[in-house]
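Below is one structure, written out as structure tokens; comments come after it.
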Amino acid sequence: MTGLTITRIDPTEIDVVKETLPRFRFKPLGHLPYLKRAQVEGFWMDEIGETVAEATSAVFVARVSDRIVGFAVYAESPWDTRVIGRRIATLKHLAADVEHSSRQTVIAALAEKTTRHAAKSGIECLTAKVHPRDTATIHALEQNGFLLMDTLVDYVFDFFRMPFDQVVPPPRTPGLSTRLGKPADLPEILEVAERAFKNHFGRYNADSQMPPGAAKDVYREWARSSFSGWADWLTVVEVRGRIAGYAIWKKASALEAKHGLDIFHYNLVAIHPRFVGRGAFAALTYDGMRMFREYANHFTAPTHVNHSSVHRICFELGWQITSARHSFHKWLTS
């Protein structure tokens, strides 16, 4: 494209992208349709500001003449790097002006510049998440060697639309109960995590270049971290006294609360394969909604697009799909 330039800017200059945000179609928080544009763009700008404050971050802007037509924000992922044992980074924000006639070219140039920077920094794998309707970004990433790993759909339960007393309780298997988890449960929970995610179809298993056992390590560490501050609550489901599964729950972050997001996160569920199909997931979901409904009017939950049994139960309990995300990986080393 004639006149297109990609330059890295200093984090102190990040405010230059603020006025461009209204021109970008695929913004964060698309799964929360009740939010006003000012909330979304205010949250987005603050989230970008938090990212660029990290020492390992980098920001690239695309300009045609003096007009900014896109930007990319990159940062290393210390958690993934520590658990997986390979240096991982993320394209946390990648956007281009929806009105620009060569939007895909802009995104491709930003992705290429960021990829080269990551490679020079010693990054081994670069990841990104993209809205499924954002075909320009999808094609630009694929043009730069990124591969699709999985697709998550985002569910929302809206207590304004359906008060909890209107939710039909799911059938309860005899001997099944739920409760708050406690640190003493961790050995059983780690065993459930290992068994539940051994053959999981998520991006850590889908990526053949991940080290052996990476998915198991990630989900075990996710459970362990939930008892050390990452989550607010972990609930467990028991069948005749044995832990059959667990769920991780988080209140809105400080940044989310600042912008009035009114959400509560249902982050992850794991069910031991021996107890799949016996009502454990439905019980964790329904009982969690009952236990935590005072914290927000909107609950959010991600799940994989091909997790059919989860979709059926969520629909039965009144949850709605509001958005989705593709996950892409690109390995920078062989």
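The values are calculated or read from the model by the stated rules, or taken from the named source; none is laboratory data. What you are looking at is a predicted structure, and each value in this text was computed from that prediction instead of being measured. With ideal geometry, Cβ positions are generated from the backbone for all residues, glycine too; neighbour counts draw on all protein chains shown.
Output the qualifying pairs, or none if there are none: Cβ atoms under 6 angstrom, residues six or more apart or on different chains, first residue in the stretch 162-177 and closer than 21 Å to residue 294 by Cβ, second residue part of a loop (DSSP other than H, G, I, E, B). Within 6 Å, the pairs are 162/318; 167/317; 167/318.
Restricting attention to the stretch 204-229 and to residues that are of a type in the set (Asp, Glu) and closer than 26 Å to residue 183 by Cα, the residue that is surrounded by the fewest Cβ atoms within 10 Å (Cβ to Cβ) turns out to be 221. Among the residues of the stretch 206-242, those that are part of a loop (DSSP other than H, G, I, E, B) and under 28 Å from residue 292 (Cβ atoms) comprise 227, 228, 229, 230, 231, 232, 240, 241.
Between 135, 178, 173, 127, the distinction of being within 26 Å of residue 32 (Cβ to Cβ) and either surrounded by 14 or more Cβ atoms within 10 Å (Cβ to Cβ) or among the charged types (D, E, K, R) (or both) belongs to 127 only.
Within the stretch 312-334, the set of residues being in contact (Cβ under 8 Å) with a residue 24 or more places away in the chain and either over 19 Å from residue 32 (Cα atoms) or assigned to a helix (DSSP H, G or I) (or both) comprises 313, 314, 316, 327, 328, 329, 330, 331, 332, 333. Suppose the filter is small (Gly, Ala, Ser) and closer than 19 Å to residue 64 by Cβ; does residue 75 pass it? Against the criterion (small (Gly, Ala, Ser) and closer than 19 Å to residue 64 by Cβ), residue 75 does not qualify. Just one of (1) crowded, with 21+ Cβ neighbours inside 10 Å; (2) within 16 Å of residue 159 (Cα to Cα) fails for residue 326. It is (2). Does residue 201 satisfy being surrounded by 14 or more Cβ atoms within 10 Å (Cβ to Cβ), in a loop (DSSP other than H, G, I, E, B) and at negative phi? It is true that residue 201 is surrounded by 14 or more Cβ atoms within 10 Å (Cβ to Cβ), in a loop (DSSP other than H, G, I, E, B) and at negative phi.
Within the stretch 243-292, restricting attention to residues that are in a strand (DSSP E or B) and either outside the structural domain of residue 320 (by TED's automatic domain parsing) or of a type outside the set (A, V, I, L, M, F, W, C) (or both), the residue that is farthest from residue 312 (Cα to Cα) is 251.
Of all the criteria given as (1) under 30 Å from residue 147 (Cβ atoms); (2) in contact with a Ser or Thr (Cβ under 9 Å, 6 or more places away or on another chain); (3) surrounded by fewer than 17 Cβ atoms within 10 Å (Cβ to Cβ), the one not satisfied by residue 312 is (2).
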